[in-house]
Amino acid sequence: MNETLEPSASSSVLKRYTWQGQNRAGQLMTGVLYGANKMVVREQLSQRGIIALQIRVRREPIIRAISGPQVTQFLQELSALYDSGVPLLRILDVQLHSQTKPYFRNVIQTIRLDIERGENLHTALRHHPKVFDTLTCNLIASGEESGRLSEVLNNIVYSQEQRQKIHSQIKTALWYPAFVLAVAALVWLGVLAFVVPVFEDIYRSNGKPLPWLTQVLLSGSKTVREYWLIIVVALLLAYTLVRRWGADLLYNQLDTWRMKAPIMGRLLVLGWHAQFARTLGLLYQAGIPLHRALDIAAQTVSSPTMRRAIVSVTQDVLNGHSLSLAMMQYPVFEPSLIQRVQIGEESGTLSAMLTQDALHNEFMLEQGVKRLSSLIEPLLVVIIGIIIATMVIALYLPILNLGGAV
């Protein structure tokens, strides 16, 4: 049997240890724990009734072991069974035996063990910050405290499904043209490296002056063939330097550019506003204080510009300003969102107004992605056609001129 234990949200600076041990029944167990040193890990294992046989420090895995849709499915099953009156430990037993992913099975085993020891569900989930985010844990905590866990679980599942839908729509709109253009660029480089030199020999044997377009193509081919290693090294070096020292600056600049981008920028803004409004509304409905809800909602937004604005709004709210008044100071927030927030504050229906804004933005985003998808395919055909036409004209124009001269 395996067991995987992870840190709380504040333990990101702690070391990751893999361990092997035996429980009181003599069963061999393996898993992962986080702690400042081996003694701390050994103490944590002892509290769980496990005798440590081997403890080793290990690096974090590069690839996330459990995807967002898998977490949503877990919570969906948890919600359905809990609605049916099944005890929590029994629900975890069912999910433990039906889970096919070893890492996730280890996580469920750990959650069950901690709940069996008397911990609340949200406390047990907080041991796995790489699987269950702060938003999910805080909402479940409010549900357990208010006795509305079933309702909260249903809201979490719906919110995560909508968030994944938004991410999927934006990703589809961004990655399809990027992939096509990347393939076109690779084909272009292949032509420059292997096809153009063949035509260059034909041009050289002719001895005639070449059109400027052909000369540009030949110069590009020579640069690619003679300096490809220098180009690759320079790109890798630039990537390393930016990633180490200028990642934040570059990411902030890219965020500004993509917000101003035609069509695509508007879709991104709609997605960010929908995510922010839905998360904030869900947290506020669950009874979480507004400043704390804003702090958590900021973590779910991928735009640094909007995230900084939310942090500033949080500070203004703590200083006594209303949410709508604080949001008016930052142009990143849509006027429609501010108006709905103002109406919600005046009528006492802030959560409902935020949900309404999220639904509106999600609808507009879906329609925008559909329109973009219908336009992007013919646009890509035109772009690739221009690239191919330019290449063919540059290669064959000297040969056609030679035929005309004869």
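The values are calculated or read from the model by the stated rules, or taken from the named source; none is laboratory data. Computed from a prediction, not measured in an experiment: that's the story for all the values here. Glycine also receives a Cβ, built like all others from the backbone with ideal geometry; neighbour counts cover every protein chain displayed. When the accessible area is computed, the model is the full protein with side chains, heavy atoms only, and any ligands, DNA or RNA have been set aside. Shrake-Rupley method; radii C 1.70, N 1.55, O 1.52, S 1.80 Å.
Sequence-ordered 3J(HN,Hα) estimates for segment 96-104 from the Karplus curve with 6.51, -1.76 and 1.60 and θ = phi - 60° stand at 4, 7, 8, 7, 9, 8, x, 4, 5 Hz, glycine and proline given as x. Each label point was placed 7 Å from the Cα along the Cα-to-Cβ direction; for residue 234 and residue 25 their separation is 6.5 nm. Taking one equal scatterer on every alpha-carbon of segment 274-379, how large is log10 of I(q)/I(0) by Debye at q = 0.18, 0.24 1/Å? Debye output, listed in q order: -0.83, -1.40. Once all protein chains are placed together, residue 174 keeps about 70 Å² accessible to a 1.4 angstrom probe. Per atom type, the chain shows carbon and sulfur on 62% of its accessible surface, probed at 1.4 Å.
Computed from backbone phi, the HN-Hα couplings of segment 380-395 come to 5, 4, 5, 4, 5, x, 5, 4, 5, 4, 4, 5, 5, 4, 5, 6 Hz, rounded to whole numbers (Karplus: 6.51 cos²θ - 1.76 cosθ + 1.60, θ = phi - 60°; Gly and Pro given as x).
Estimated purely from DSSP H runs of n ≥ 4, each contributing -39500 (n - 2.57), the mean residue ellipticity at 222 nm for the chain is -24500 deg cm²/dmol once divided by its residues.
Report the equivalent ellipsoid semi-axes for the chain in whole Å, largest first, defined as the square roots of five times the eigenvalues of the gyration tensor built from alpha carbon atoms. Write out the running numbers ahead of the final one.
Details: eigenvalues 537, 202, 77 Å².
Values for the chain, descending: 52, 32, 20 Å.
Using a simple spin-label model with pseudo-atoms 7 Å out from Cα toward Cβ, residue 244 and residue 84 lie 5.6 nm apart.
Taking the centroid of alpha carbons for each part, segment 253-277 and segment 336-396 are 9 Å apart.
By a 1.4 Å probe calculation restricted to protein chains, residue 328 has an accessible surface near 90 Å², given to the nearest 10. Considering only Cα-Cα distances, which of the following residue pairs are longer than 26 Å: 38/130; 15/165; 15/130; 130/171; 15/171; 171/222? Table pairs above 26 Å Cα-Cα are 15/165; 15/171; 171/222. Sort segment 84-129 into rounded, prolate or oblate with this rule: let a ≥ b ≥ c be the square roots of the eigenvalues of the Cα gyration tensor; rounded if a/c is under 1.5, and if a/c is not under 1.5, prolate when a/b is larger than b/c, oblate otherwise. Oblate.
Ligands, DNA and RNA aside, residue 306 has an accessible area near 0 Å² when probed at 1.4 Å. Would you work out if segment 87-170 is rounded, prolate or oblate? Take a ≥ b ≥ c from the square roots of the eigenvalues of the alpha-carbon gyration tensor; rounded if a/c is under 1.5, else prolate when a/b is larger than b/c, oblate otherwise. Oblate.
Taking the Cα centre of segment 77-215 as reference, the dipole from Cβ charges on Lys and Arg (+1) and Asp and Glu (-1) amounts to some 480 debye.
Structural size metrics of segment 317-369, computed from C-alpha coordinates, are Rg and Dmax of 12.2, 39 Å. Each of residue 386 and residue 178 was given a label point 7 Å from its Cα along the Cα-to-Cβ line. The distance between the two points is 2.2 nm.
For segment 236-368, averaging the sequence separation of C-alpha pairs within contact (under 8 Å, six or more residues apart) and dividing by the residue count gives a relative contact order of 28 percent. Between the beta carbons of residue 266 and residue 329, assuming R0 = 25 Å, the FRET efficiency works out to 0.65 to the nearest 0.05.
So with the 1.4 Å probe, I'd like the accessible area per residue for segment 273-401, rounded to whole Å². Before the final figure, lay out each step's value.
On the way: 6200 Å² over 129 residues.
Computed with neighbouring chains in place, this is 48 Å² per residue.
For segment 70-158, applying the loop criterion from DSSP together with a ceiling of 16 other beta carbons within 10 Å to the trypsin sites (Lys or Arg not before Pro) yields 117, 130, 148.
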